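Heads up, the thing below is written out as structure tokens.
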Amino acid sequence: MKEVEIRRLLAANLLCVFAVILTAVVPGFFWEGFTVLGTHLAWLCICSVCVGTVNVILHLVLKPNHSPKRSSFAHKISRFLKCCIYFFMSCIIFHAIIVLYGAPLIGSVTETFLFSVLLSTFTTLQCLCMLGPNTHAWIRVFSKNGATSIWESSLQITTVCSILGAWFGAFPIPLDWDRPWQVWPISCSFGATFGYVAGLIIAPLWLYWNRKQLTYKSR
Amino acid sequence: MRLRSGVFASSCLLVEVLGVALFLRGFFPVPVRSLPRREARGDPPAEPAPPGPGMVSNWTKIPPPLFKKVVVVLIDALRDDFVFGSKGEQFMPYTKQVIEKGTSYSFIAEAKPPTVTMPRIKALMTGSIPGFIDVIVNLNSPALLDDNLIWQAKTAGKRIIFYGDDTWVKLFPKHFVEYDGTTSFFVSDFTEVDDNVTRHLDRVFKREDWDLLILHYLGLDHIGHVTGPNSPLVGAKLREMDNILKKIHISLLSKEEASLPNLLVVCGDHGMSETGSHGGSSAGEVHTPLLFISSAFEKRSDPGYEHFKIAEKSHANWIKLYLEGNNSEILLNLGKKVLKQYLEALKTLSSSLSRQVAQYDMYSMMVGTVIIMEVLLLLFLSIPKALSSRAEFEVPLSLPLFSLLFYLVCLMLCAVHVIVCTSAESLCYFCSMSWFTAVGVMMLISALMCGILSAIAKIFENSRLPVKNPVVSSSGWSEIDVLILAGTVGHVLSLGASSFVEEEHQTWYFLINTLCLVLCQDLCRNNFLLKEYDPQHSTNVKQNFGEASEYKNMDIPAADNSKLGKTISSAEFIRGSDKWISLASPWIILICCRLLRSLNQTGVQWAHRPDFGHWLTSSEHKSELSFLAAVSLLMIFFLVQRRCSLVSKIAMALGLLGVYSYRAAIGNVIFPWQHDSKDISKGITEARFVYVFVLGIVFTGTKDLLKSQVISSDSSVKSTGLWEVYSGLVLLAALLFRPHNLPVLVFCLLIQTMMTKYIWRPLKFDAAQITIMHYWFGQAFFYFQGNSNGIATVDVSAGFVGLESYVEIPAIFFTAFATYAGPVLWAIHLLCYLSSEVSRNSAAVGHGCFCYALMRSLPVAVYIVLVTGLRYHLFIWSVFSPKLLYEGVHVFITATICLFFTAMDHNHSHKVQD
């Protein structure tokens, strides 16, 4: 049972990784002059949209958290709207945190905001898909030993990895190497993306290694 | 001997200060350059002394000459490629050989247009750039009246002989003891003009009655004008010039005696264009060779130079292949090889350059490093004991084995000392110390070594016993612990990169931001999750308390939970409004930090960015600055006064008023009622008025501290006393800080208050964690003040506040305090906080002191090792050594603070024993 679940998780995560790789490669065929470094903002948009779409589709297909009760259409709509608001808020919060970390307040707002959208896609969007706009569930999942399924464990790992990646991505900025990828926010968004990809790959493997020790208590 | 961890840490730091001082003394040796070079540097400024009778040179004595005889050979229209290029190789073999192998310095000189003979001669002799007006008077040249080399040489009693273009004779009519001018009017004359010069040479070189010989050859210029630079006549002329140079050089060498060498200068006044004319500013016209040939220039055997030559050759091959249209693998490989050779050559050149500039006293540096590393090791080994709940440990001073080893090591070091000092050819500070001191230092080193060995032995002994000592697993580490460890290690490692040293403030800002976010997460968990948290976690936390690790693992929520589980629920524990303030406080702190960050841009890369500090200090924003300063002073008063006694409160208020009036007196800020800018004074009275209150407050505080030690056992007296000392320092900082930096002080107090009230107290961190957080914030505030790791940002004006003139000791003290105000204030606040926490953990102050010492010695020790390794780095003088000075001073200040800590701790333990 658990192995099957882990295999599904692995497939889903590999799809996401694949989507990230495609965003870096495919637009080059349609758009003359597209490079991840040169037209970084465009890549940020494309990557956010693609990863977001893939996540939503995967969620709809796999339904990792099958809720027992059927909800009405109006309820679904309100949930969807709530999700949108949460996502937007998370973008704003990430933007604020990045500015607090020292990003310019007025200059390069677009860069900062698109980076925060990317971060939100890697973290908040997944959570919204998995947990819905439910603050209690969020707090539960992100406290110690709070996960109740392998999907939630995977969620924990990828989220933490993305944020850690973005954190580490800021390291090369002060170096005086004058490389194109040191320009704000390229190194950070690369860090976040690599972190996300690493998280996606690590999560199933880690779960597989620790499958004996893992015990999820039911709610 | 039993020592408490505070005492131990302070003594370690004191020893470390000694080590750092020794290292610095070795790193910055007093005679940086050897003697003759300094003379060479001192010489040039002597010459352009003003010639007018009204002006008097401030050089009282003439510097000794470097050369006995000087011959200047000026070849008109000598283009740079005639010497350095293919033509030079072909036609001037002797010169080329001297350039490559001999003792010479060669340059390509750039002539400023107009590239016409007369203005160029003027430029060469006066060092000024000619104007175009000189072209007009080129043919009819009046005597040169500006200060010039010839005039200086003549007044210095040098005898000058000139042969060549008669422009010189017109420019310097009475300067030459002997001359033979040649008119340059007949351009078609290629040989006569030069023969007219050369014919004198044999005779002149037999004589001894001259010091400076100037030869101006015109033939090349004439050939250029008539036939252009590519005519065969040019080659013949160049060969003739080469022969003349050879003759002059050889005869100069043969005349050379032991006393002083001779100098041969070869130069061109301008080049020639591709058509052979001159006057404009094309590359061929402005670039001329400039050679200094003398046996005084030591033979160049630089490996980098040789490498460069080899690389040049392969480069030429590559270009040849490329021009032949060869696109094969060979070209690619050769290109790679050329690139590699160039890079290697550059590396060797840069390292040999820094080797020439830097001479280190390695022996003193090594001794210093050894002391510092031993201290660090000792501190590391004693972590478990020092942070235990007793906070004291046995220091073995008289073990039997100990003594034998000690003497052996001592003996060995003495032997090494004798060998090094007798064989050292350069100056060595440690060798020049008296024997008594040197032996003392060596005994210290061996004692430290024995201490380390015995500590290691003890650890092994302990680990062999099957103790209950539970090794703390990493899963027990909270996020804070992980962050603190990673941050400390990361910062220390980052010191190896010059960019990270330049931009160290970024590292600290990044770390404290992350710290705030982690604290926020901790607070969230503490506030929201206490009820749901299952208590299985808090099993052995209590037993572990205070053991075995620098970052003792109090699992905070668990600890809270086990305590709270019995009686009260979390909701009652933190009341509603407090809870929200507590949750918001990390964010407020983050916003404060962000504001401070944009107050002073510092570092190197982004230092030019506009910041609030510059905006405020510009003269048109004086009223804004005044308002900000007034509000800041008011805020400082409100934040400080709450824990002071009444007398200090009044003193504080008056003192802060005094600060404002001081700033108004020296014209930084204005009073609202005073619109016309009145005369600016030095503000001596106002500043001294403030000093009186500073001393008063500190004195009251000290009195309270003494009282708490001697008479009463009331800890509140002690904490009031400490706080008063602290507020006295705050007042001093407010006086010394520039007015636009007063918000730094406000935010410092604000953050400390919020942290204490809403974060540290509720979350119940242990002393080590609190200390490290204080240290981080202190470092960040060091940079918030506008400091950087460059010397230029030290605010020396702080040393003159309230002083009529420069008085050394107060000036140094004030400057040091103003520079390190951030770290010092945070450290004293740490002491205040920890001594108020004594009821919870009696050893808190000792732990704090130990951690503080450790946090300081770790970066210093690593940095010193890094700097020793990087001593031939290109940026060693611009980046690494200023940072080294900062670190050294910081260690000294930390040692002082730790002594203060120890004094406070001592009082306390004394009282407990009573």
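Highlighted here are the helices (runs of 4 or more DSSP H) found entirely within the range B:341-459 that include at least 2 residues which are at pLDDT 85 or above: B:362-381, B:400-423. Taking the criterion of being at negative phi and surrounded by fewer than 23 Cβ atoms within 10 Å (Cβ to Cβ), the residues of the range B:801-813 that qualify are B:LEU803, B:GLU804, B:SER805, B:TYR806, B:VAL807, B:GLU808, B:ILE809, B:PRO810, B:ALA811, B:ILE812, B:PHE813.
Of all residues in the range B:836-854, those satisfying the criterion of being surrounded by fewer than 23 Cβ atoms within 10 Å (Cβ to Cβ) and either among the charged types (D, E, K, R) or in a helix (DSSP H, G or I) (or both) are B:SER836, B:GLU837, B:ARG840.
For the range B:66-103, filtered to residues that are among the polar types (S, T, N, Q) and part of a helix (DSSP H, G or I), the residue that is farthest from B:VAL286 (Cα to Cα) is B:GLN97.
Filtering the range B:603-643 to residues that are assigned to a loop (DSSP other than H, G, I, E, B) and either among the aromatic types (Phe, Trp, Tyr) or touching a Phe, Trp or Tyr at 6+ places or on another chain (Cβ under 6 Å) (or both) leaves B:TRP606, B:ARG643. Considering the range B:133-154, the residues that are assigned to a loop (DSSP other than H, G, I, E, B) and either touching an Asp or Glu at 6+ places or on another chain (Cβ under 8 Å) or modelled with pLDDT of 70 or more (or both) include one that is nearest to B:LEU171 (Cα to Cα), namely B:LEU144. Is it true that some residue in the range A:179-189 is within 13 Å of chain B (Cβ to nearest Cβ), without any contact (Cβ under 8 Å) to a residue 24 or more places away in the chain and closer than 26 Å to B:CYS524 by Cα? Checked the range A:179-189: no residue is within 13 Å of chain B (Cβ to nearest Cβ), without any contact (Cβ under 8 Å) to a residue 24 or more places away in the chain and closer than 26 Å to B:CYS524 by Cα. B:LEU596 meets all of the listed conditions (1) within 15 Å of B:PHE737 (Cβ to Cβ); (2) away from every other protein chain (no Cβ under 14 Å) but one, namely (2).
Evaluated against (1) in a loop (DSSP other than H, G, I, E, B); (2) surrounded by fewer than 20 Cβ atoms within 10 Å (Cβ to Cβ); (3) not small (Gly, Ala, Ser), B:VAL226 falls short on exactly one condition, (1). A Cβ distance below 6 Å, combined with a sequence gap of six or more or placement on separate chains, defines the contacts here; from the range A:76-95, residues that are closer than 16 Å to A:ILE163 by Cβ reach residues that are of a type in the set (Phe, Trp, Tyr) and surrounded by 14 or more Cβ atoms within 10 Å (Cβ to Cβ) in the pairs A:HIS95/A:PHE113. Residues that are in a loop (DSSP other than H, G, I, E, B) and touching a Phe, Trp or Tyr at 6+ places or on another chain (Cβ under 9 Å): does the range B:683-700 have at least one? Yes, there is a match, as at least one residue in the range B:683-700 is in a loop (DSSP other than H, G, I, E, B) and touching a Phe, Trp or Tyr at 6+ places or on another chain (Cβ under 9 Å). Residue count for the range B:272-327 under the criterion of being part of a loop (DSSP other than H, G, I, E, B), among the charged types (D, E, K, R) and under 22 Å from B:TYR105 (Cβ atoms): the result is 4.
Would it be correct to say that B:LEU495 is farther than 24 Å from B:MET755 by Cβ, more than 11 Å from chain A (Cβ to nearest Cβ) and touching a helix residue (DSSP H, G or I) at 6+ places or on another chain (Cβ under 6 Å)? Criteria met by B:LEU495. Of the helices (runs of 4 or more DSSP H) lying entirely inside the range A:88-145, none contains at least 3 residues that are surrounded by 18 or more Cβ atoms within 10 Å (Cβ to Cβ), within 13 Å of chain B (Cβ to nearest Cβ) and modelled with pLDDT of 95 or more. Of all the numbered requirements in (1) within 13 Å of another protein chain (Cβ to nearest Cβ); (2) at pLDDT 80 or above, B:TYR533 misses one, and that requirement is (2). Within the range A:151-169, if we keep just the residues that are among the hydrophobic types (A, V, I, L, M, F, W, C) and more than 14 Å from chain B (Cβ to nearest Cβ), the residue that is farthest from A:PHE194 (Cα to Cα) turns out to be A:TRP151. Scanning the range A:146-167 for residues that are assigned to a helix (DSSP H, G or I) and among the hydroxyl-bearing types (Ser, Thr, Tyr) yields A:SER153, A:SER154, A:THR158, A:THR159, A:SER162. Going by what's in this entry, would B:ASP269 be described as touching a Leu at 6+ places or on another chain (Cβ under 9 Å), acidic (Asp, Glu) and assigned to a loop (DSSP other than H, G, I, E, B)? Here the answer is yes, as B:ASP269 does meet what is asked. All conditions but one from (1) modelled with pLDDT under 85; (2) surrounded by 15 or more Cβ atoms within 10 Å (Cβ to Cβ); (3) farther than 21 Å from B:GLY224 by Cβ; (4) not charged (D, E, K, R) apply to B:VAL71; the one that does not is (1). Taken over the range B:515-524, the residue count meeting the criterion of being within 11 Å of another protein chain (Cβ to nearest Cβ) and either crowded, with 21+ Cβ neighbours inside 10 Å or at pLDDT 95 or above (or both) is 1. Restricting B:ILE684, B:ILE680, B:ILE711 to residues that are of a type in the set (Val, Ile, Thr) and at pLDDT 80 or above narrows the list to B:ILE684.
Quick check: is even one residue across the range B:865-875 surrounded by 22 or more Cβ atoms within 10 Å (Cβ to Cβ), touching a residue at least 12 places away in the same chain (Cβ under 8 Å) and closer than 30 Å to B:SER352 by Cβ? Among the residues of the range B:865-875, at least one is surrounded by 22 or more Cβ atoms within 10 Å (Cβ to Cβ), touching a residue at least 12 places away in the same chain (Cβ under 8 Å) and closer than 30 Å to B:SER352 by Cβ, which makes the answer yes.
Annotation note: of B:VAL710, B:VAL692, B:VAL730, the sole residue that is in contact with a helix residue (DSSP H, G or I) (Cβ under 8 Å, 6 or more places away or on another chain) and aliphatic (A, V, I, L, M) is B:VAL730.
Taken as a whole, the condition of being in a loop (DSSP other than H, G, I, E, B), buried (at least 16 other Cβ atoms within 10 Å of the Cβ) and in contact with an Asp or Glu (Cβ under 8 Å, 6 or more places away or on another chain) applies to A:PRO174. Screening A:THR148 with (1) over 20 Å from A:MET130 (Cβ atoms); (2) surrounded by fewer than 17 Cβ atoms within 10 Å (Cβ to Cβ); (3) within 14 Å of chain B (Cβ to nearest Cβ) gives one miss only, at (1). In this structure, A:GLY33 does not satisfy being on the phi > 0 side of the Ramachandran plot and surrounded by 13 or more Cβ atoms within 10 Å (Cβ to Cβ). Residue pairs whose Cβ atoms lie under 8 Å apart, sitting 6 or more positions apart in sequence or on different chains, and linking a residue in the range B:627-655 that is exposed (fewer than 14 other Cβ atoms within 10 Å of the Cβ) to a partner that is assigned to a helix (DSSP H, G or I), are B:VAL647/B:THR700.
So that you can scan it fast, the table gives a plain yes or no per residue for (1) under 47 Å from the mean Cα position of the chain (by Cα); (2) in contact (Cβ under 8 Å) with a residue 40 or more places away in the chain; (3) under 30 Å from B:PRO64 (Cβ atoms):
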| site | (1), (2), (3) |
| --- | --- |
| B:GLY235 | no, yes, no |
| B:ASN243 | no, yes, no |
| B:HIS249 | yes, yes, yes |
| B:HIS278 | no, yes, no |
| B:GLU285 | yes, yes, no |
| B:THR288 | yes, yes, no |
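The values are calculated or read from the model by the stated rules, or taken from the named source; none is laboratory data. The structure presented is a predicted model; accordingly, all values stated were derived computationally and were not measured. Note that we place each Cβ from the backbone using ideal geometry, even for glycine, and neighbour counts take in every protein chain shown.
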